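Below you'll find the structure, written out as C-alpha cells, and then a few comments.
The values are calculated or read from the model by the stated rules, or taken from the named source; none is laboratory data. In this text the structure is predicted, and so the values were computed from the model without any measurement. When we count neighbours, we look across all protein chains shown, and the Cβ atoms used for this are built from the backbone with ideal geometry, even at glycine. In case anyone asks, the SASA skips ligands and DNA or RNA and just uses the protein heavy atoms, side chains included. Shrake-Rupley method; radii C 1.70, N 1.55, O 1.52, S 1.80 Å.
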Amino acid sequence: MRIATIAVLLLAALLAGCASHTLSEAECQHANWQLIGLEDGARGYTLAYLGRHREACAEYGISPDLAAYQRGHAEGMKQYCVPSVGFRAGRQGHSYSGQCPPALEPTFLAAYREGQDIRSVDLQVRQLSGALNADHKALDELHADMDAAEHALVDPETPAEQRVQLLIDIKQMHDAIGALEAGLAGREEQLAEREAYRDYLLNEAQYYH
C-alpha cells in the first residue's frame, strides 16, 4: 500500500474519531454538567446520550457529574415534552424513543401522532406535485418536438422519405400528448384533494395552533 494511501486512511480515521466527540478538552474541563444535561434534555436526547460525553471526556481523564447531568436533563425534558414540540417532531419525521416522563408523555404523544398524520399527507402532496411537474416538463418537450417536426414537414427542402417518418413521429407525439394531458387532469384532481385534506387536518389539529 502506498504511503499516500495510508496517510489518507489515517487522516480519515482521525477525523471520524473527532467527529464522534461531543465535547472538546476545554469543554470537558470546565463543564457545567447540569446545564449540559438541560440542553440535551431540551433537544430530546435520552439519558443514554451522557455516554457520548463520557467517551469524549475520558480521553482527557475527566468523568461527567452524573447527578448534576440527571438534574439538568430532567428539567430539559420538561421543555421538550410539550405538545408543540411533539407536533413539530412528528411532522418533521423525527423519531421518538419514549424519553418523556410518564406525566408528560400522553399529551406529547398525542401531538406527535397528530404531526405524523399531517406529515404523511405532506409527503403525498410533495410526491403528486413532483409527478405533476415532471409531466408538465415532458409535455412541454413533446410540444416543442412536435412543432419542430411540423415545421420540417412543410419545409420544401425536406426529402419525401423523411416526410413519411415525420408523419409517423407527429402521430406518435400527438398520441403521447393526449395521454399525458389525460393523466394530468387526474393528478391535478388528486393533488387538490390531498391539499384540501391536509388543510382540513391542520384546521382540526388540536396541537397545531
### Task
Please indicate, with yes or no, whether at least one residue in segment 110-120 is open to solvent by 40 Å² or more (accessible area, probe 1.4 Å), of a type in the set (S, T, Y), in a helix (DSSP H, G or I) and within 26 Å of Q34 (Cβ to Cβ).
no
### Message
So, in segment 124-177, how many residues would count as being touching a residue at least 12 places away in the same chain (Cβ under 8 Å) and among the hydroxyl-bearing types (S, T, Y)?
### Response
1
### Query
In the list G115, G186, which residue meets the criterion of being in contact (Cβ under 8 Å) with a residue 12 or more places away in the chain and under 31 Å from the mean Cα position of the chain (by Cα)?
G115
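Let's see how each residue does on (1) at pLDDT below 95; (2) surrounded by fewer than 17 Cβ atoms within 10 Å (Cβ to Cβ):
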{"residue": "A67", "(1), (2)": "no, yes"}
{"residue": "G72", "(1), (2)": "no, no"}
{"residue": "M77", "(1), (2)": "no, no"}
{"residue": "C81", "(1), (2)": "no, no"}
{"residue": "G86", "(1), (2)": "no, no"}
{"residue": "S95", "(1), (2)": "yes, yes"}
{"residue": "G98", "(1), (2)": "yes, yes"}
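Residues checked against (1) of a type outside the set (D, E); (2) modelled with pLDDT under 95; (3) in a loop (DSSP other than H, G, I, E, B):
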position	(1), (2), (3)
M1	yes, yes, yes
T5	yes, yes, no
V8	yes, yes, no
A12	yes, yes, no
A16	yes, yes, no
L23	yes, yes, yes
E27	no, yes, no
I36	yes, no, no
G41	yes, no, no
### Task
Answer yes if at least one residue in segment 45-60 is of a type in the set (F, W, Y), outside any helix (DSSP H, G or I) and either open to solvent by 30 Å² or more (accessible area, probe 1.4 Å) or in contact (Cβ under 8 Å) with a residue 40 or more places away in the chain (or both), and no otherwise.
yes
### Query
Looking at E195, E157, E161, which is the one that is in a helix (DSSP H, G or I), open to solvent by 40 Å² or more (accessible area, probe 1.4 Å), at pLDDT below 95 and not polar (S, T, N, Q)?
E161
### Task
Considering only residues that are open to solvent by less than 70 Å² (accessible area, probe 1.4 Å) and not hydrophobic (A, V, I, L, M, F, W, C), look in segment 164-192 and name the one that is nearest to R119 (Cα to Cα).
G186
### Summary
By residue number, the members of segment 198-209 that are surrounded by 13 or more Cβ atoms within 10 Å (Cβ to Cβ), in a helix (DSSP H, G or I) and not aliphatic (A, V, I, L, M) are R198
### Message
Just to be sure before I move on: is A103 part of a loop (DSSP other than H, G, I, E, B) and of a type in the set (A, V, I, L, M) in the structure I sent?
### Response
yes
### Query
Could we say that L38 is under 26 Å from R88 (Cβ atoms) and open to solvent by less than 20 Å² (accessible area, probe 1.4 Å) here?
no
